[in-house]
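Where a number appears in this text, it was derived from the coordinates with a stated rule and is not lab data. The structure presented is a predicted model; accordingly, all values stated were derived computationally and were not measured. FYI the Cβ positions are ideal-geometry reconstructions off the backbone, even for glycines, and counts take in every protein chain you see.
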Amino acid sequence: MAFQCQRDSYMKELVTSVVSCCPAGLKQEVNGKKETLKGFNVKLRDTILFPEGGGQPDDHGLIGEVPVLRVTRQGADALHFVASPVEVGQEVLVKVDWERRFDHMQQHSGQHLITALADVMFGYKTTSWDLGRQRSTIELDTNSIQPAQLQELEDAVNEKIRAHISVNVQLLSIDDPAVEKVRSRGLPDDHAGPIRIIDIEGVDANMCCGTHVSNLSHLQVIKLLGIEKGKKNKTNLIFLAGNRVLKYAEKSYSTERSLVSLLKTGPDEHVEAVDKLQKSVKLLQKTNLSLLRDVAILTAQNFKNDPHRGNFFSFHKKEGDNEFMNIIANEINTEETLVFLTVGEEKGAGLFLLAGPGGPVSDLGPRILELLQGKGAGKNGRFQGKANNLARRGEVEDLLRQHCKHHGSEEE
């Protein structure tokens, strides 16, 4: 049988009874780590909470006062995952998160409409689709879509929305001859009950289990954002429907206002203003790199010209980079001098370079990595890498000075 959410997608509350409540686990990802949340799977006599299927995510909502975190389908049943148990046999009020539900209805019905017209107008078949949190994607069986085709398709789908066309739900038995005439990508292996058909009058009839609007006018508007290269010989069409278009416009306008304030130009001049800024930044970066190279050479020369210099040199500069450190090391005779250089935040992350006689560098490099909590490698008298804790730079200097002192070297 069909669930109440499939018979009436606009129903927001339902009084029903609890059939069963069994311990269960919900696999989820928290901060990049997979965890299993312990809870219960609840079966209801009927439900207005849609179980994930047909490319549509599940509904969220409440059973009484208990939040429903996940809804999945198991044969003819819907399993509602909750964190705390619900009493078997009791009557409960089930409520749906309507904002989430209506968003899914708009995107799913929008997908049916776009899919149907892309096929009729250009012969592009839909091979899959994804209802994402921010935007939805339809995978079309074509290498490419021309900009003119994209505009023509967008105009056509919005014309159908303005035409106020009804969207009807039909329930057919699996042996009904009408089933053979509708568009479908096949039934799931564990399908049970009648075949559900979503019929956009005069436009499309498609086998589908999802929740849909009852009239295309409820989609409000569809915006085709563009295309991306998909899998082999496929193209992904990106779209927004209904309230997502309004949210997108609001966010775009807010961004536009911020750019007006930052760039001190009107919206039509934003691209030109950013282009000028990028060119200025590139010029400044080039000038800065040139100055850094000069500072590196002067730093090395000052050490070399110091009559009291020893055989150990240490230097830190926040604004430097790998090239800066290598220039200094190249200018100093590291066959005779042990050089330790760092760039980055003084008590945070950065880069380091140890240069000097091959033997000592190979021995000391791993110990420096340990002190700086870094990663790196060395060869030919140089050991360099990333440091996560430059706050321990002083400990490295003490280690190197002790090494130089032990081997009879002077220090600076």
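A few comments on the model shown:
- Backbone N atoms of the stretch 214-233 closer than 20 Å to the 7 Å Cα→Cβ label point of Glu256 belong to residues 221-226.
- Under 5 Å between amide hydrogens, built in the peptide plane, is the criterion, and for Ile165 it picks out Leu216, Ser217 among residues at least 5 positions away or on other chains.
- Of Lys251/Lys282; Lys33/Lys347; Lys264/Lys317, pairs whose Cα-Cα distance is over 31 Å: Lys264/Lys317
- Environment charge of Phe324, counting only residues whose C-beta is closer than 13 Å and scoring Lys/Arg +1, Asp/Glu -1: -2
- Karplus-derived HN-Hα couplings along the stretch 157-163 (A = 6.51, B = -1.76, C = 1.60, θ = phi - 60°), whole Hz, x at Gly and Pro: 5, 6, 5, 5, 5, 5, 7
- Here each label is just a point 7 Å from Cα along the line to Cβ, and for Lys304 and Leu69 those points are 6.6 nm apart.
- Put simply, the amide H of Ser128, placed in the peptide plane, has neighbours under 5 Å in Glu139, leaving out anything fewer than 5 places away on its chain.
- Reachable lysines from Lys95, criterion Cα separation under 16 angstrom, eight or more residues apart if same chain: Lys12, Lys43
- For Lys304, a cut-off of 20 angstrom between C-alpha atoms picks up these aspartates and glutamates, skipping any fewer than 8 places away in its own chain: Asp294, Glu323, Glu331, Glu335, Glu336, Glu397, Glu410, Glu411, Glu412.
- Once the Cβ-Cβ distance of Glu335 and Ala377 is raised to the sixth power relative to R0 = 22 Å, the FRET efficiency obtained is 0.60.
- Protection proxy ranking of 352-359, 165-172, by the mean of other Cβ atoms within 10 Å over each peptide's residues and highest first, is 352-359, 165-172.
- Percentage, to the nearest whole number, of Cα pairs in the stretch 26-66 over 14 Å apart: 65
- Nonlocal amide H pairs with Ala24, under 5 Å, H built at 1.01 Å: Gly39, Phe40, Asn41
- For the options His108, His218, His270, a Gaussian network treatment of the chain with springs between C-alpha atoms closer than 10 Å singles out His270 as fluctuating the most.
- Cβ crowding within 10 Å averaged over residues, with 144-150, 232-238 ranked highest first: 232-238, 144-150
- Debye intensity ratio in log₁₀ form over the Cα atoms of the chain, taken at each q of 0.07 Å⁻¹: -0.62
- Residue-averaged [θ]222 nm for the chain, counting only DSSP H segments that reach four residues, each worth -39500 (n - 2.57): -11500 deg cm²/dmol
- Taking the alpha carbon gyration tensor of the stretch 102-250, multiplying each eigenvalue by 5 and rooting it gives semi-axes of 24, 18, 15 Å, largest first.
- Within the same chain, aspartates and glutamates fewer than 8 places from Lys125 are excluded, and of the rest, those with a Cα less than 12 Å from its Cα are Glu139, Asp141.
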